[in-house]
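Colleague: Take this structure first; my questions come after.
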Amino acid sequence: MADRTFRIAVFPGDGIGGEITRPCTELLQAAADKVGGFGLDFEWLPAGAGTWVETGESLPTASMDAARRADAILLAAMGLPGVRYPDGTEISPQLDLRFELRLYAGVRPIRAIPGLAPVLADPRSRDLDFVIIRESIEGLFASYGKGEVIDDREARETMVITRDVCERLFDFAFRLGAKRRLEGRPGRVTCVDKANVFKAFAFFRKIFDERAARHAQVTAEHAYIDATALNMLRRPWDLDVLVTENMFGDILSDLGAGLIGGMGFAPSADIGDEHAVFQPCHGSAPDIAGQGKANPTAMFLSGAMMLEWLGEKHGVPEAAGAGASIYDAVDAAFAGGQLVPFELGGEAGTAAITDAVMGAL
């Protein structure tokens, strides 16, 4: 059988996006060449705040069509604080991609990287490894572009929870829990909600319990959002898989990133039944754009997630192996403690981090 070549739609976006995308695609290609058995075909596409300023479109139809045809989508960062739509909201084509492609499962791994100074004093924080799964197309974000301001006296947004999306989301979470159990993790999935106050979250929890009954090999638990935020600081090493509503997941993801050194180390994926977008959790950081200070680690790890997903979805173990090799290379590059990015008080910028990871690969 001939090697499989995957088509990757690449959105460098705005700010530091281009600076971290080029080395990421080079690293992905190097990993593919090293492992063999598959190929990568990158198609660079315009979208974002800069594209909106130039063309009046933040996500051109041609870019959306190319993304839909691709095997996976690699996205760096989109949006600029000073560029906004007439209603005052920021340019966010990444949200349009989530809604258009029905990417309901936002996967946010929280994994400590060897060699980085721990944020928490407890030595157990050096081995953090848990995952937040954020529902990505409903919840409070269902009001995206639909909220209203009434007579300049009140504003309204509507939260939406549907059975169809929740069942897919929870099944995804339980499958991940089962996989992590095979890998030596607890295999425990916790539903994070506010079911004691809101009917929508009581419904959310009800569906979780129904799907849990279909995945008896995985432990299912419940937790309230406020208690979860507290315990992410007190005992994050006890966490395994957390699944939650869109806005709650948005907030918890940033808190989780803070536990491992910041947004520069936090990758993510938004996954649906057919499509997936892989991107770092951070923004476009226009304050450091063009200075060579951007930390590409989260972008590299997002690329590794993409290769793993492609390998699993299409039955190409070489792709998953290439993804694992990037994780190993990142760990090896930072393990000695000498590679310290600018945001952590060091002097390692984009080039130095790229060279270290590429060398480790």
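Nothing in this text is a laboratory measurement; each read-out follows from the coordinates by a stated rule. All values reported here derive from a predicted model rather than from experimental measurement. Quick reminder, even Gly has a Cβ in these numbers, built from the backbone with ideal geometry, and neighbours come from all protein chains shown.
Colleague: Given 10 °C and 1.306 mPa s, compute D for the range 117-259 with the Stokes-Einstein relation, Rh being the Kirkwood radius over Cα pairs; round to the nearest whole µm²/s.
Modeller: Values: Rh = 16.1 Å.
It diffuses with D of about 99 µm²/s by this estimate.
Colleague: Another question about this same structure. With θ set to phi - 60°, apply the Karplus curve 6.51 cos²θ - 1.76 cosθ + 1.60 along the range 172-184 and write out the HN-Hα couplings as whole Hz, x wherever there is a Gly or Pro.
Modeller: Along the range 172-184, the couplings run 4, 4, 5, 5, 5, x, 5, 5, 5, 5, 5, 8, x Hz.
Colleague: How many percent of the alpha carbon pairs in the range 57-117 exceed a separation of 16 Å?
Modeller: Percentage above 16 Å: 58.
Colleague: May I pose another question? Antiparallel DSSP bridges in the chain: what percent, to the nearest 5? Intermediate results must be reported in sequence, preceding the final value.
Modeller: Numbers: 20 of 49 bridges.
Expressed as a percentage, antiparallel bridges in the chain total about 40.
Colleague: Right, next: Pairwise over distinct Cα atoms, reciprocal of the mean inverse distance: report the Kirkwood radius of the chain in Å, one decimal place.
Modeller: Values: mean 1/r = 0.0478 Å⁻¹.
Across the chain, the inverse of the average 1/r is 20.9 Å.
Colleague: Turning to a different aspect of this structure: Which order do E343, E54 fall in if you start with the one that has the fewest other Cβ atoms within 10 Å? Could you put the intermediate results ahead of the total?
Modeller: On the way: E343 18, E54 10.
Ordered from fewest to most neighbouring Cβ atoms within 10 Å, E343, E54 come out as E54, E343.
Colleague: Would you mind putting 150-161, 212-223 in packing order, based on average other-beta-carbon counts within 10 Å, highest first?
Modeller: Details: 150-161: 10.6, 212-223: 14.7.
In decreasing order of mean packing, 150-161, 212-223 become 212-223, 150-161.
Colleague: Within a Cβ distance under 10 Å of A195, other residues only, what is the Lys/Arg minus Asp/Glu net charge?
Modeller: On the way: positive: K194, K199, R205, K206; negative: D193.
With Lys, Arg at +1 and Asp, Glu at -1, the net is +3.
Colleague: Using the number of other C-beta atoms within 10 angstrom as an exposure proxy, rank V277, V316, V149 with the fewest first. It would help to have the intermediate numbers written out before the result.
Modeller: Details: V277 26, V316 18, V149 11.
Final ranking by Cβ density, sparse to dense: V149, V316, V277.
Colleague: Rg(Cα) of the range 1-47 divided by 2.2 N^0.38 Å? List each step's numbers first, then the result.
Modeller: Numbers: Rg = 12.1 Å, N = 47, 2.2 N^0.38 = 9.5 Å.
Cα Rg divided by the expected 2.2 N^0.38 Å: 1.28.
Colleague: Enter the Cα centre distance for the pair the range 239-287 and the range 25-47, rounded to the nearest angstrom.
Modeller: 23
Colleague: Continuing with this model, one more query. Rounded to the nearest 500, what is the 222 nm mean residue ellipticity of the chain from helices alone, with -39500 (n - 2.57) per DSSP H run of 4+ residues and division by all residues?
Modeller: That comes out to -13500 deg cm²/dmol.
Colleague: What are the residues whose amide H is under 5 Å from the amide H of V10, where those residues sit 5 or more places off or on another chain and H is modelled from the backbone?
Modeller: It is E43, W44, L45, L74, by chain and number.
Colleague: Please report the net charge: other residues with Cβ closer than 15 Å to the Cβ of R68, K and R +1, D and E -1. Could you put the intermediate results ahead of the total?
Modeller: On the way: positive: R7, R69, R98, R102; negative: E43, D65, D71, D96, E100, D270, D273, E274.
Taking every other residue near R68 into account, the sum is -4.
Colleague: So what are the ³J(HN,Hα) numbers for the range 265-271, from phi and the Karplus equation (6.51, -1.76, 1.60; θ = phi - 60°), rounded to whole Hz, Gly and Pro as x?
Modeller: Computed from phi, the couplings for the range 265-271 are 10, 10, x, 7, 9, 10, 10 Hz.
Colleague: Which length gain, in nm to one decimal place, applies between Q291 and D355 when the Cα-Cα distance is subtracted from 0.36 nm times their residue separation? Mind dumping the intermediate values first?
Modeller: Details: separation 64, 0.36 × 64 = 23.04 nm, distance 1.69 nm.
Using 0.36 nm per residue and subtracting the Cα-Cα distance, I get 21.4 nm.
Colleague: Moving on. Distances longer than 16 Å among the Cα atoms of the range 183-292: what percent of all pairs is that? All intermediate terms of the calculation are to be shown ahead of the outcome.
Modeller: Numbers: 4058 of 5995 pairs.
The share of Cα pairs beyond 16 Å in the range 183-292 comes to 68 percent.
Colleague: If I build a Gaussian network model for the chain, linking alpha-carbon pairs within less than 10 angstrom, which residue out of I326, I288, I271 has the largest mean-square fluctuation?
Modeller: It is I288.
Colleague: Also: Could you work out which residue, out of E312, E148, E167, moves most in a Gaussian network model of the chain, that is, has the largest mean-square fluctuation with Cα springs under 10 Å?
Modeller: Of the options given, E148 has the highest mean-square fluctuation.
Colleague: Now for a separate question. Tell me the relative contact order for the chain as a rounded percent, counting alpha carbon contacts under 8 Å between residues six or more apart. Could you put the intermediate results ahead of the total?
Modeller: Working: 738 pairs, mean separation 79.6, N = 361.
Here the relative contact order equals 22 percent.
Colleague: With θ set to phi - 60° and the Karplus curve 6.51 cos²θ - 1.76 cosθ + 1.60, what are the ³J(HN,Hα) couplings of the range 297-309 in order, to the nearest whole Hz, using x for Gly and Pro?
Modeller: Taking θ as phi minus 60°, the curve returns 4, 4, 5, 4, 5, 5, x, 5, 4, 4, 5, 4, 5 Hz for the range 297-309.
Colleague: Say we join alpha carbon atoms closer than 10 Å with springs in a Gaussian network model of the chain; which of D129, D33, D87 then has the biggest fluctuation?
Modeller: Comparing D129, D33, D87 in a Gaussian network model of the chain, the most mobile one is D87.
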